[in-house]
Amino acid sequence: MLVVGDVLLDEYLGGRPTRMSREAPVPVLEFESRRLLPGGAANPAVTIAGLGSQALLAGVAGDDDAGQQLRALLQAQSIDCRALVREAGRSTTLKLRVMAQMGLRYPQQLARIDTVSRAALSPESGQLLLEKVKSLAGAVDALLVSDYRIGLLTRDRVDELRAAGVSLLAADAQGELDKYHDFGLVKCNAAEAAAWLGRSLASDADYGAAARELCDRLRLTGAMVITRGPQGATLATATGELRHCPAPVVSDVYDVTGAGDTAIAVMTLAAAAGADWPAAVTLANVASGLVVQRVGNYAPAAAELDAALATVDD
């Protein structure tokens, strides 16, 4: 599978609080750990590779330290980065989280600092990216678009991706749903669906009507999925099916970071492998339930997903 989108690096700095600062009403942390993880569009690529499929990643990163660290992490996880364009002088998006270890199972986040370049890609980088995507399109079963609205996925580039000739086009739309008309699969969360439609959503009936309207208005060829956190997801298909897929019961939710990335990756992978839409969404719900029990981006292994799915089936 080919993943195209906004790549970034997640950094976690951990420390143990020892006292309150005399300079401001904040805790003083003594440094204990630093952890780097692929984020943004790189996260679904990691999930795909972790589940045993081939993952190719297309995007743009800088030639800075963060970009080099991101590439090293991806290569260590056997992700094909030949379409990850290196743009000189560009800052790679970095999300830095400061975490306090306070005797609980997982540390607590105190602050997040984002380093984001929203400058338009250079014409050379944009053209090179599209050339690389088109050269790979014939070798993949699905193309997954991961849109973090940082600037890579303009309407013109999405149009180019639509014309690439891949049999299954999927998108994690992050609110800009209309860019992804005529795709096979589009996913958004409840807040994004409500904002785009301009109305509140509360009941299953509300979400069912919303999913059906979005599927029809976007002329999707496969399915529209609205994720709803602990309430699971609502699915509407191009063939008229409407389904509410419950989420597994999760007693300890520590961090929702990456749950949406995992959901769209698993849905797309399952659909590309021949699963029907309800099965694909159910599998994605189970995978997301594993992710929220960890801190930071987490890619469940196939055996872990199988075990969790067996529990749900029982």
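The values are calculated or read from the model by the stated rules, or taken from the named source; none is laboratory data. Everything numeric here is computed off the predicted structure, so don't read it as measured data. Backbone-built Cβ (ideal geometry, glycine too); neighbour counts: all protein chains shown.
List pairs: first in segment 186-205 and closer than 27 Å to A142 by Cβ, second among the basic types (K, R), Cβ under 8 Å, 6+ apart or cross-chain?
N189/R228; A190/R228
So which strands (runs of 3 or more DSSP E) are wholly in segment 216-314 and hold at least 3 residues that are touching a residue at least 60 places away in the same chain (Cβ under 8 Å), hydrophobic (A, V, I, L, M, F, W, C) and touching a Ser or Thr at 6+ places or on another chain (Cβ under 7 Å)? Steps first, please.
Working: elements: 223-227, 233-237, 242-245.
Answer list for segment 216-314: none.
Any residue at all in segment 57-68 that is part of a loop (DSSP other than H, G, I, E, B), closer than 25 Å to A119 by Cβ and touching a residue at least 60 places away in the same chain (Cβ under 8 Å)? It would help to see each step written out before you state the result.
From segment 57-68, those part of a loop (DSSP other than H, G, I, E, B) are 63-64; that's our starting set.
Next, from what is left, pick out any that are closer than 25 Å to A119 by Cβ: 63-64.
The next check asks that each one be touching a residue at least 60 places away in the same chain (Cβ under 8 Å); those that pass are none.
No, there is no match, as no residue in segment 57-68 is part of a loop (DSSP other than H, G, I, E, B), closer than 25 Å to A119 by Cβ and touching a residue at least 60 places away in the same chain (Cβ under 8 Å).
Yes or no: segment 286-301 includes at least one residue that is at positive phi and buried (at least 17 other Cβ atoms within 10 Å of the Cβ).
At the first step, the residues of segment 286-301 found to be at positive phi are 296.
Subsequent filtering for residues that are buried (at least 17 other Cβ atoms within 10 Å of the Cβ) retains 296.
Yes, that holds for at least one residue.
Within segment 243-255, is even one residue in contact with a Lys or Arg (Cβ under 6 Å, 6 or more places away or on another chain) and closer than 23 Å to R219 by Cβ? Steps first, answer last, please.
Step one: filter segment 243-255 for residues in contact with a Lys or Arg (Cβ under 6 Å, 6 or more places away or on another chain), giving none.
Checking segment 243-255: not a single residue is in contact with a Lys or Arg (Cβ under 6 Å, 6 or more places away or on another chain) and closer than 23 Å to R219 by Cβ.
Select from segment 213-243 the residues that are under 23 Å from the mean Cα position of the chain (by Cα), more than 18 Å from A270 (Cα to Cα) and among the basic types (K, R) and list them in ascending order.
Selection gives R219, R228.
Among (1) of a type outside the set (A, V, I, L, M); (2) at pLDDT 95 or above; (3) more than 27 Å from R162 (Cα to Cα); (4) part of a loop (DSSP other than H, G, I, E, B), where does G89 come up short?
(2)
In the list T237, T268, T221, which residue meets the criterion of being at pLDDT 95 or above, of a type outside the set (K, R), farther than 23 Å from Q109 by Cα and surrounded by 23 or more Cβ atoms within 10 Å (Cβ to Cβ)? Steps first, answer last, please.
Working: T237 fails: surrounded by 23 or more Cβ atoms within 10 Å (Cβ to Cβ); T221 fails: surrounded by 23 or more Cβ atoms within 10 Å (Cβ to Cβ).
Just a single option satisfies the conditions, and that option is T268.
Are any residues in segment 53-78 within 18 Å of the chain's Cα centre (by Cα) and more than 17 Å from A263 (Cβ to Cβ), and if so, which ones?
Step one: list which residues in segment 53-78 are within 18 Å of the chain's Cα centre (by Cα), which gives 53-61, 70-71, 73-74, 77.
Selection gives Q54, L56, L57, A58, G59, V60, A61, L70, R71, L73, L74, Q77.
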